Amino acid sequence: MKTQTINFVKVRGFSLVELMVAGILGLILLGGVVSVFVGSKTSYSMQEELANVQTDGRFAITYMERIVQNSGWFGGTAGSTTAINAANTSDDGSDFDRLSTLMSDMTNTLDCNGANVASGDVISSFYVDEGSLMCQGTGGGAQPVISNVVSFQVLYGIDTTNDGVVNQYVNAGSVTDFSKVYAVKIGLLIQTPNNVVDENVVQEYTVLDRTYNFEDRRLRRAFSTTIQIPNQAYGTVRIL
């Protein structure tokens, strides 16, 4: 009888060192994936918050521009009233000025909040309260326009030669006759509501006649524009 020999092959598994090396390599790869994910999320959050700041800034400037350009109207006749309401306009040297515009003897006219004023003066005042740019209209209470405002500055373009042309921009406290204001400069500084960078960043911003310095993890953007008041200038040119 023929005997059959069976050969057994010895199979060797992974050693403890090999398993540890494989585990470490896996952790390194996982750490890289997590790092990329966290970096992408941080970058996305920063871009999103900056985009919101840009949107808010452009909206606020456009919003106030429309109100200021329409000021100085008097019952359908341009140039018969003062465009800037001096009683509610102020500049106390703080981070927040107050701008108030006026349209006189109007009928069924909307104020800055969209409230209808059946008759009389239409006053729209802009100021900052607890970080929010507010609008106080004749037809109703104050409403927020945007939030996260760090500074709101206003300069007034005055005519010193009585020719209807702006010669100088000054603070409200330096204006002696608001009927000579034919333009305003508006400046806003808006910040992100949250920290968006990993470490403190030194930043410097100029908002019209004021300069601000920060060292923190928030980001900010400054916005400014010059708004002409055609109704106010028209009265002077017409008289000339």
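Since every read-out is calculated from the coordinates, none of them should be taken as a lab result. Just so it is clear, the structure is predicted and the values come from calculations on it, not from any experiment. Quick reminder, even Gly has a Cβ in these numbers, built from the backbone with ideal geometry, and neighbours come from all protein chains shown.
Comparison of Asp216, Asp209 shows that the only residue that is touching a Leu at 6+ places or on another chain (Cβ under 8 Å) and surrounded by fewer than 20 Cβ atoms within 10 Å (Cβ to Cβ) is Asp209. Listed conditions (1) closer than 17 Å to Ile186 by Cβ; (2) touching a residue at least 60 places away in the same chain (Cβ under 8 Å) are all met by Thr101, apart from (2).
Reported count of residues in region 151-199, each being of a type outside the set (Val, Ile, Thr) and in a loop (DSSP other than H, G, I, E, B), is 12.
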